[in-house]
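Engineer: The structure's right below; bear with me while I get my questions together.
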Amino acid sequence: MILWDRANHSQIVKVYDKPEEGHERYSPGRFVTVEKAAMSGMPDLERASTSHVERQNGTLRQWCKRLTRLTYAFSKKWENLKGTLVLHFAYYNLCRIHGSLRIIAAMAAGITDHVWDIGELIFTV
């Protein structure tokens, strides 16, 4: 039985050295170690990584210019940013055929049985 409202959640903290006095910079200091901790459920800490989250952040910034660093394309209202994110994730999961899956993510998860078109997405969202 699959429980959709349960998750194995872990936290990863990357520890860096402090920059030398007077040598502050934009990038972090020298990498020291990684600390992993179970936050909920029973996650396998050997497999815990930030790869999926970092890839999602990269995709989001590539497709949604409001989230690109050092840009003027930002949302002045929370409602506008929320709407943009809802449309992005809906399109990404319901309309976009993923190269590695060769189907949409929602079909792989068993949520839908067909690829949605933009009209169906807009009417539903």
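Engineer: Is there a residue in segment 112-119 that is outside any helix (DSSP H, G or I), of a type in the set (D, E, K, R) and more than 30 Å from residue 16 (Cα to Cα)?
Structural biologist: Taking every residue of segment 112-119 in turn, at least one turns out to be outside any helix (DSSP H, G or I), of a type in the set (D, E, K, R) and more than 30 Å from residue 16 (Cα to Cα).
Engineer: Here's another thing I want to ask about it. Whether any residue in segment 50-73 is part of a loop (DSSP other than H, G, I, E, B), closer than 25 Å to residue 7 by Cα and at pLDDT below 95 is what I want to check.
Structural biologist: Yes, there is a match, as at least one residue in segment 50-73 is part of a loop (DSSP other than H, G, I, E, B), closer than 25 Å to residue 7 by Cα and at pLDDT below 95.
Engineer: Within segment 67-112, how many residues are surrounded by fewer than 13 Cβ atoms within 10 Å (Cβ to Cβ), farther than 22 Å from residue 57 by Cβ and touching a helix residue (DSSP H, G or I) at 6+ places or on another chain (Cβ under 7 Å)?
Structural biologist: 0
Engineer: If I go through segment 1-49 residue by residue, how many of them are modelled with pLDDT of 90 or more and touching a Pro at 6+ places or on another chain (Cβ under 6 Å)?
Structural biologist: Going through segment 1-49 one residue at a time, the tally reaches 1.
Engineer: Can we say residue 45 is of a type in the set (A, V, I, L, M) and assigned to a loop (DSSP other than H, G, I, E, B)?
Structural biologist: Criteria met by residue 45.
The values are calculated or read from the model by the stated rules, or taken from the named source; none is laboratory data. As the structure is a computational prediction, the values presented were derived from the model and not from experiment. No Cβ is skipped: glycine too gets one built from the backbone with ideal geometry, and neighbour counts run over all protein chains shown.
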